[in-house]
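S.K.: Submitted below is the structure of interest, expressed as structure tokens.
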Amino acid sequence: MVLGNYKSVCSARSTDSGILSGAQDGGIVTQLFAFALEEGIIDGAIVAGPGEEAWRPEPIVATTREELLAARGTKYTISPNMSLIKEATRSYGLDKVGIVGTPCQIQALRKAQLYPVAMRDVPDKIALAVGIFCMENFPYAGLEAIVEDHCAVKMESAVKMDIGKGKFSTYTERGAVSQIPLKATHKYEQPGCHVCLDYVSNLADISTGSVGSPDGWSTVFARTKIGDNVWAKALAAGCFETKPIEEVKPGLELVTKLATTKITKNQKVLDGRANFGLRADGSAKALRNPYL
Amino acid sequence: MPVREAPVEKPDLKPHDVIVEKKVEEESKEEKPVVNKISVGHVHMSGCTGCLVSFADNYEGLFKILDDYADLVYCLTLVDVRHIPEMDVALVEGSICLQDKSSVKEIRETREKAKVVVALGACACYGNITRFCRGGQWNQPQQESYLPIGDIIDVDIYLPACPPSSQAIRNICVMAYLLLQGTDEQKKLAGAYLKPLMDLAKRGTEACGCDLMVDVINQGLCMGCGTCAASCPVRAIEMVYGKPQIDRDMCIKCGACYTQCPRSFFNFDVMNQFESITEIINSAMGKGGE
């Protein structure tokens with residue numbers, strides 16, 4: 001169950017060269033939202049748009065293809081996309097909201113739908129939730145340290161960052177590639193990520209990430225009825241090229257392996273938190289467990 | 001699209017709506033083979049009626065709830081009943097003024113007569129804005145001490161926020177109905193759904209934006225999703241470098257941010273079923289799928 005429920009999985013990439021050119025991998029998220037926007041499946045989407053500082057994303061409500069395109073590519077730091085979820089239905093007046101998020105953000109979204117205590121009119125307006133694969137995230141200052149100190153690249157000069165094959169890579173506009181072992185980045189990880197038990201956005205309508213697929217392609221899970229429906233429509237419209245997941249390398253095996261690694265590691269963290277402190281009688285004093 | 005009039009020869013059969021309605025009925029019968037409605041009362045203490053308005057803002061959903069699931073047996077604004085009657089569920093809005101004898105008497109009476117007491121909204125749960133009262137106001141200057149109902153009686157379920165959303169109240173109504181009148185399976189689901197809200201009722205009667213610092217960030221659990229910022233009714237929370245920054249002078253102590261935070265509680269047994277639960281609630285409310 002580490003991969004969650006899903007109706008279908010495949011390897012895919014966008015057929016739109018304009019989207020692919022600035023995409024992280026297969027351009028799945030941008031293409032899906034662009035298609036959904038065009039078809040009226042969504043009125044807009046909350047995405048990680050460009051912020052004031054280089055590589056510090058700001059969540060935006062994108063209501064045009066241009067805004068979506070401007071938000072292409074992975075930023076390895078926090079974009080609090082959920083902060084706009086109510087605003088999207090209020091100030092922006094959207095009735096059908098799209099949102100992309102990390103697994104934790106999609107969890108937050110589902111909680112907001114099932115327990116919408118402070119989420120007036122939000123639950124019924126979520127039209128498409130796209131989740132991305134995520135091992136962990138970095139605070140902005142952490143990413144800065146990785147890119148500027150370890151990779152020796154100025155944030156402003158970086159045009160792409162990528163994690164894969166055990167390395168963190170920074171690409172510059174002049175074509176240089178600076179790589180460091182992923183191990184060196186671990187200490188900059190956001191602490192809150194270490195209690196996360198979801199790698200592939202189990203609760204999204206559609207989830208996607210590079211892991212499992214060849215370079216330039218993404219692995220895509222269609223999970224819910226909504227997700228399955230939108231995915232089928234997008235395929236029928238010719239938005240994506242696909243390959244059966246069984247036929248690509250490294251395939252689902254790697255996704256399963258990484259998901260298991262993450263969950264096992266973080267379950268240990270949670271177990272450790274239960275025995276973190278010590279009471280006078282010698283028994284354990286626990287840190288708070290969010291899942292109880 | 002304008003609906004075409006049915007031909008005159010068949011006056012009984014109107015086209016579309018009737019058929020759709022029948023479908024829904026059949027569906028609901030399957031899922032809820034139960035006839036007994038539960039009795040619900042709205043008890044109004046020191047609050048602004050905003051929570052009741054939020055309940056009413058379910059619009060036709062309110063009628064559906066009152067038609068099929070719950071009899072409103074007490075509600076100063078909507079029902080002509082003077083004394084608190086026996087009831088299954090009491091939704092209490094507002095905090096209790098210690099200097100108002102009838103409030104104190106009525107909240108005790110509510111506990112005696114209701115099987116389940118729900119603190120509806122932030123004033124009942126945490127005091128909310130009434131926490132800031134210092135008395136001296138016209139025309140009851142001596143009324144200066146307001147307490148969340150949980151400081152006076154035992155409360156079973158918390159539904160914080162100012163006000164709790166219409167959909168949250170709707171979900172609670174459906175779940176409370178399933179818990180009291182559903183099949184065994186439905187009872188189990190409703191129990192699991194309501195558990196975190198029962199736990200909140202045990203957690204205490206104080207809330208503040210500080211909870212995000214104390215119980216989430218300080219505990220190493222915040223991952224910067226921004227849900228708290230979206231849930232704050234007074235926009236006192238801003239996300240700064242991926243963490244909530246709380247304007248504590250603005251905070252009205254409603255508890256919305258902490259309750260909505262995915263790291264305050266997150267019950268996988270319920271969340272993993274989000275799709276089917278949404279379907280159950282939609283079908284209960286007469287909103288079919290495709």
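S.K.: For the subset of region A:1-40 comprising residues that are within 14 Å of chain B (Cβ to nearest Cβ) and touching a Lys or Arg at 6+ places or on another chain (Cβ under 9 Å), which member is farthest from residue A:81 (Cα to Cα)?
M.R.: Checking each candidate, the answer is A:7.
S.K.: Filter region A:152-179 for residues that are among the hydrophobic types (A, V, I, L, M, F, W, C) and within 22 Å of the chain's Cα centre (by Cα) and give the result.
M.R.: If the condition is that a residue be among the hydrophobic types (A, V, I, L, M, F, W, C) and within 22 Å of the chain's Cα centre (by Cα), then A:155, A:158, A:159, A:161, A:163, A:168 are the ones that fit.
S.K.: Please pick out the residue among A:38, A:53 that is assigned to a helix (DSSP H, G or I), surrounded by fewer than 16 Cβ atoms within 10 Å (Cβ to Cβ) and assigned by TED's automatic domain parsing to the domain that holds residue A:222.
M.R.: Matching residue, one of A:38, A:53: A:38.
S.K.: Related question: So which of B:149, B:84 is in contact with a strand residue (DSSP E or B) (Cβ under 8 Å, 6 or more places away or on another chain) and under 25 Å from residue B:254 (Cα atoms)?
M.R.: B:149
S.K.: Checking residue B:81 against (1) touching a Phe, Trp or Tyr at 6+ places or on another chain (Cβ under 8 Å); (2) surrounded by fewer than 16 Cβ atoms within 10 Å (Cβ to Cβ); (3) at pLDDT 95 or above, only one condition comes out false. Which one?
M.R.: (3)
S.K.: Shifting gears a bit: Would you please list the contacts, defined by Cβ atoms under 6 Å and residues six or more apart or on different chains, that run from a residue in region A:258-281 that is under 19 Å from residue A:166 (Cβ atoms) to a residue that is of a type in the set (Ser, Thr, Tyr)?
M.R.: As it stands, the answer is A:259/A:199; A:262/A:199, since those pairs meet every condition given.
S.K.: Mind checking which residues of region A:189-205 are part of a helix (DSSP H, G or I) and surrounded by 20 or more Cβ atoms within 10 Å (Cβ to Cβ)?
M.R.: Those that are part of a helix (DSSP H, G or I) and surrounded by 20 or more Cβ atoms within 10 Å (Cβ to Cβ): A:192, A:193, A:195.
S.K.: Can residue A:46 be described as buried (at least 24 other Cβ atoms within 10 Å of the Cβ), under 15 Å from the mean Cα position of the chain (by Cα), in the same structural domain as residue A:224 (by TED's automatic domain parsing) and not in a helix (DSSP H, G or I)?
M.R.: yes
S.K.: Which of the following residues is surrounded by fewer than 18 Cβ atoms within 10 Å (Cβ to Cβ) and more than 7 Å from every other protein chain (Cβ to nearest Cβ): B:243, B:253, B:202?
M.R.: After ruling out the rest, the residue left standing is B:202.
S.K.: Moving on to the next point. Among the residues of region B:152-196, how many are closer than 22 Å to residue B:45 by Cα and not in a helix (DSSP H, G or I)?
M.R.: Qualifying residue count, region B:152-196: 14.
S.K.: Let me ask something additional. Of the residues that make up region B:172-190, is at least one out of contact with any strand residue (DSSP E or B) (no Cβ under 9 Å at 6 or more places or on another chain), of a type in the set (D, E, K, R) and within 13 Å of chain A (Cβ to nearest Cβ)?
M.R.: no
S.K.: Evaluate the following for residue A:140: is it within 12 Å of chain B (Cβ to nearest Cβ), surrounded by fewer than 24 Cβ atoms within 10 Å (Cβ to Cβ) and within 27 Å of residue A:44 (Cβ to Cβ)?
M.R.: Against the criterion (within 12 Å of chain B (Cβ to nearest Cβ), surrounded by fewer than 24 Cβ atoms within 10 Å (Cβ to Cβ) and within 27 Å of residue A:44 (Cβ to Cβ)), residue A:140 qualifies.
S.K.: Filter region B:208-239 for residues that are in contact with a strand residue (DSSP E or B) (Cβ under 9 Å, 6 or more places away or on another chain), within 9 Å of chain A (Cβ to nearest Cβ), in a helix (DSSP H, G or I) and surrounded by fewer than 24 Cβ atoms within 10 Å (Cβ to Cβ) and give the result.
M.R.: Selection gives B:217 alone.
S.K.: Look at region A:59-83 and say how many of its residues are away from chain B (no Cβ under 14 Å) and aliphatic (A, V, I, L, M).
M.R.: Of the residues in region A:59-83, 5 are away from chain B (no Cβ under 14 Å) and aliphatic (A, V, I, L, M).
S.K.: Looking at region A:11-61, which of its residues are closer than 16 Å to residue A:94 by Cβ and among the β-branched types (Val, Ile, Thr)?
M.R.: A:41, A:42, A:46, A:47, A:60, A:61
S.K.: Quick check: anything in region A:173-187 at pLDDT below 95, farther than 23 Å from residue A:256 by Cα and in contact with a strand residue (DSSP E or B) (Cβ under 6 Å, 6 or more places away or on another chain)?
M.R.: Checked against the condition, which is being at pLDDT below 95, farther than 23 Å from residue A:256 by Cα and in contact with a strand residue (DSSP E or B) (Cβ under 6 Å, 6 or more places away or on another chain), region A:173-187 yields at least one hit.
S.K.: Just for region A:143-177: of the residues that are within 17 Å of residue A:52 (Cα to Cα) and among the small types (Gly, Ala, Ser), which one is surrounded by the most Cβ atoms within 10 Å (Cβ to Cβ)?
M.R.: A:158
S.K.: Residues in region B:103-117 that are more than 23 Å from residue B:202 (Cβ to Cβ) and either touching a Lys or Arg at 6+ places or on another chain (Cβ under 8 Å) or modelled with pLDDT under 95 (or both): how many?
M.R.: Residues meeting the conditions: 0.
S.K.: Something else about it: Just one of the numbered conditions (1) within 19 Å of residue B:124 (Cβ to Cβ); (2) modelled with pLDDT of 95 or more; (3) within 13 Å of another protein chain (Cβ to nearest Cβ) is not true of residue B:150; which one?
M.R.: (3)
S.K.: Among the residues of region B:36-67, which ones are more than 23 Å from residue A:120 (Cβ to Cβ) and either in a strand (DSSP E or B) or in contact with a Lys or Arg (Cβ under 7 Å, 6 or more places away or on another chain) (or both)?
M.R.: Listed by number, the residues that qualify are B:38, B:39, B:41.
S.K.: Now a separate question. Tell me which of these residue A:100 doesn't satisfy, since it passes every other one: (1) under 30 Å from residue B:162 (Cα atoms); (2) free of Cβ contacts under 8 Å to residues at least 40 places away in the same chain; (3) more than 8 Å from chain B (Cβ to nearest Cβ); (4) not aromatic (Phe, Trp, Tyr).
M.R.: For residue A:100, the exception is condition (2).
S.K.: I'm told residue B:205 meets every condition in (1) under 19 Å from residue B:111 (Cβ atoms); (2) part of a helix (DSSP H, G or I) except one. Can you identify the failing condition by its number?
M.R.: Failing condition for residue B:205: (2).
S.K.: Go through A:17, A:8, A:21 for me and flag whichever is small (Gly, Ala, Ser), surrounded by fewer than 18 Cβ atoms within 10 Å (Cβ to Cβ) and within 30 Å of residue A:263 (Cβ to Cβ).
M.R.: A:8
The rows are residues; the columns are (1) surrounded by 14 or more Cβ atoms within 10 Å (Cβ to Cβ); (2) within 14 Å of chain B (Cβ to nearest Cβ).
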| position | (1), (2) |
| --- | --- |
| A:212 | yes, no |
| A:227 | yes, yes |
| A:275 | no, no |
| A:284 | no, no |
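The values are calculated or read from the model by the stated rules, or taken from the named source; none is laboratory data. The model shown is predicted, which means the values in this text are computed figures rather than measured ones. Glycine gets a Cβ as well: all are built from the backbone with ideal geometry, and neighbour counts include every protein chain shown.
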